[in-house]
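Worksheet: one structure, shown below.
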Amino acid sequence: MYEGAIQDLIDELGRLPGVGPKSAQRIAFYVLSADPADVNRLAGALRKVKELVRFCTNCYNVAESDQCRICRDPRRSDEVICVVEEPKDVVAIERTGEFRGRYHVLGGAINPLEGIGPDNLRIRELMTRLGGGAVRELILATDPNTEGEATATYLALMVKPMGISVTRLASGLPVGGDLEYADEITLGRAFEGRRAV
């Protein structure tokens, strides 16, 4: 559509997840009209993240050193590991302030349609961590969708013979939601996960 550098920028922005052609165009023209100092800060942040950020050698969360801040924290419990799909899931759980154990980031979920099987995830690394004998509970916090459920089921079958307690995050109705708008699966899980009051 456009020529040269502006079209190249639109094309590159359009390759980002969740950025469609219109958004890519809007961002490109914002960058074009932005103050050069702002653009340089953005470019610097992009370069810095590629140079400094890596995956933790223990849990595979994002880190700027060999281990992430959670794995370096001596106050965290080694007896509980929470398994998540992506580093952004760690952030979501940490925001609750409810979990004081360790994490393991799989790097995705089992999805045969996309060609992602157990060998494409960090399951071997998880099994190695569990083999140490310190872990008493494994919390499966994969997404409550088909792929997340398949991954949780697979992990539960692998871990049960090790004598480690395997739990799954409860799922159900959101706070402030109306029953009439809840789908059958969510409502069914809310019934399964009910507790005494």
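Looking across segment 106-120, just one residue is within 20 Å of Met162 (Cα to Cα) and buried (at least 18 other Cβ atoms within 10 Å of the Cβ), and that is Leu106. Exactly one residue out of Glu147, Glu86 is surrounded by 12 or more Cβ atoms within 10 Å (Cβ to Cβ), of a type in the set (D, E, K, R) and within 23 Å of Ile70 (Cβ to Cβ), and it is Glu86. Every condition in (1) closer than 16 Å to Thr142 by Cβ; (2) in contact with a Lys or Arg (Cβ under 9 Å, 6 or more places away or on another chain) holds for Val84 except the one numbered (2).
Within segment 64-80, the residues that satisfy the criterion of being of a type outside the set (Lys, Arg), out of contact with any Leu (no Cβ under 9 Å at 6 or more places or on another chain) and within 13 Å of Tyr103 (Cβ to Cβ) are Gln67, Cys68, Ile70, Cys71, Asp73, Ser77, Asp78. Quick one: in segment 153-167, of everything that is hydroxyl-bearing (Ser, Thr, Tyr) and part of a helix (DSSP H, G or I), which residue is nearest to Gly131 (Cα to Cα)? The qualifying residue nearest to Gly131 (Cα to Cα) is Tyr154. Across segment 11-18, not a single residue is classified as part of a helix (DSSP H, G or I), surrounded by 14 or more Cβ atoms within 10 Å (Cβ to Cβ), in the same structural domain as Thr151 (by TED's automatic domain parsing) and free of Cβ contacts under 8 Å to residues at least 40 places away in the same chain. For Ala170, the criteria (1) out of contact with any strand residue (DSSP E or B) (no Cβ under 7 Å at 6 or more places or on another chain); (2) assigned to a helix (DSSP H, G or I); (3) surrounded by 12 or more Cβ atoms within 10 Å (Cβ to Cβ) hold in every case but one, which is (2). If you go through segment 113-147 and pick out every residue that is at negative phi and free of Cβ contacts under 8 Å to residues at least 40 places away in the same chain, you end up with 17.
Evaluate segment 53-68: report whether one residue or more is touching a helix residue (DSSP H, G or I) at 6+ places or on another chain (Cβ under 6 Å), surrounded by 16 or more Cβ atoms within 10 Å (Cβ to Cβ) and small (Gly, Ala, Ser). No - not one qualifying residue is present in segment 53-68.
The values are calculated or read from the model by the stated rules, or taken from the named source; none is laboratory data. Model, not experiment: these values are computed from the prediction. All Cβ positions, glycine included, derive from the backbone under ideal geometry; neighbour counts span all protein chains shown.
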